[in-house]
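Accompanying notes for the structure given below.
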Amino acid sequence: MSDDTLRVAKIRSGTVIDHVPGGQALNVLAILGIDGSAGEAVSVGMNVSSDRLGQKDIVKVEGRELSQAEVDVISLIAPAASINIVRDYEVVEKNRVVRPERVTGVLTCPNHNCITTGNEPVESAFDVLDGGVRCAYCDTILREDIAAHL
């Protein structure tokens, strides 16, 4: 198969998340809450050759455009990702993810003593670091498996 061969079919409308580090596509699906139970049409290419990343993953979600909160969390595991909005088989918008300084209300703190994990009405907040995120309340740092804390 040549490198120019289309490995994953085009979508009519929805979102294409490209330039995801190889092996992270399943984490992207977890961030989006896609587990197959709702019948979403999803195409995934994993460990595809990439000049920029060596190997990359691609996720195509039919009929859905991502929220900014979803893009912010994806940026934590795929800082070089691009988000392409497709309508009528054409890319109408192409954006690179921008890592926010803070993500709020999306992740849960793994520290069971953190004020955000109790019965207090406190929304979680994490400051974004180069190698992970840090809870704004208890300073717990997440470096691995960020998608598991959604």
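The values are calculated or read from the model by the stated rules, or taken from the named source; none is laboratory data. Just so it is clear, the structure is predicted and the values come from calculations on it, not from any experiment. When we count neighbours, we look across all protein chains shown, and the Cβ atoms used for this are built from the backbone with ideal geometry, even at glycine. In case anyone asks, the SASA skips ligands and DNA or RNA and just uses the protein heavy atoms, side chains included. Shrake-Rupley method; radii C 1.70, N 1.55, O 1.52, S 1.80 Å.
Looking for something open to solvent by less than 40 Å² (accessible area, probe 1.4 Å), among the aliphatic types (A, V, I, L, M) and part of a strand (DSSP E or B) - is there at least one such residue anywhere in the stretch 73-85?
The answer is yes, given that some residue of the stretch 73-85 is open to solvent by less than 40 Å² (accessible area, probe 1.4 Å), among the aliphatic types (A, V, I, L, M) and part of a strand (DSSP E or B).
Failed condition for Val59, given (1) open to solvent by 10 Å² or more (accessible area, probe 1.4 Å); (2) not in a loop (DSSP other than H, G, I, E, B), with all others met?
Condition (1) is where Val59 drops out.
Six or more apart or on different chains, Cβ under 8 Å: which pairs go from a residue in the stretch 31-46 that's over 10 Å from Val59 (Cβ atoms) and of a type in the set (A, V, I, L, M) to one that's open to solvent by less than 60 Å² (accessible area, probe 1.4 Å) and in a loop (DSSP other than H, G, I, E, B)? Could you list them?
Ala41/Ile11
Looking for whichever is surrounded by fewer than 18 Cβ atoms within 10 Å (Cβ to Cβ), of a type outside the set (A, V, I, L, M, F, W, C) and modelled with pLDDT of 90 or more here; the options are Ser43, Ser37. Which one fits?
Checking each option against the conditions leaves just Ser43.
For the subset of the stretch 94-109 comprising residues that are farther than 17 Å from Val28 by Cα and loosely packed, with under 15 Cβ neighbours inside 10 Å, which member is modelled with the lowest pLDDT?
Selected residue: Gly105.
Listed here are the residues, each with its yes/no results for (1) touching a His at 6+ places or on another chain (Cβ under 8 Å); (2) touching a residue at least 60 places away in the same chain (Cβ under 8 Å); (3) part of a loop (DSSP other than H, G, I, E, B).
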{"residue": "Leu107", "(1), (2), (3)": "yes, no, yes"}
{"residue": "His112", "(1), (2), (3)": "no, no, yes"}
{"residue": "Glu120", "(1), (2), (3)": "no, no, yes"}
{"residue": "Glu123", "(1), (2), (3)": "no, no, yes"}
{"residue": "Arg134", "(1), (2), (3)": "no, no, no"}
{"residue": "Cys138", "(1), (2), (3)": "no, no, yes"}
{"residue": "Glu144", "(1), (2), (3)": "no, no, yes"}
{"residue": "Ala147", "(1), (2), (3)": "no, yes, no"}
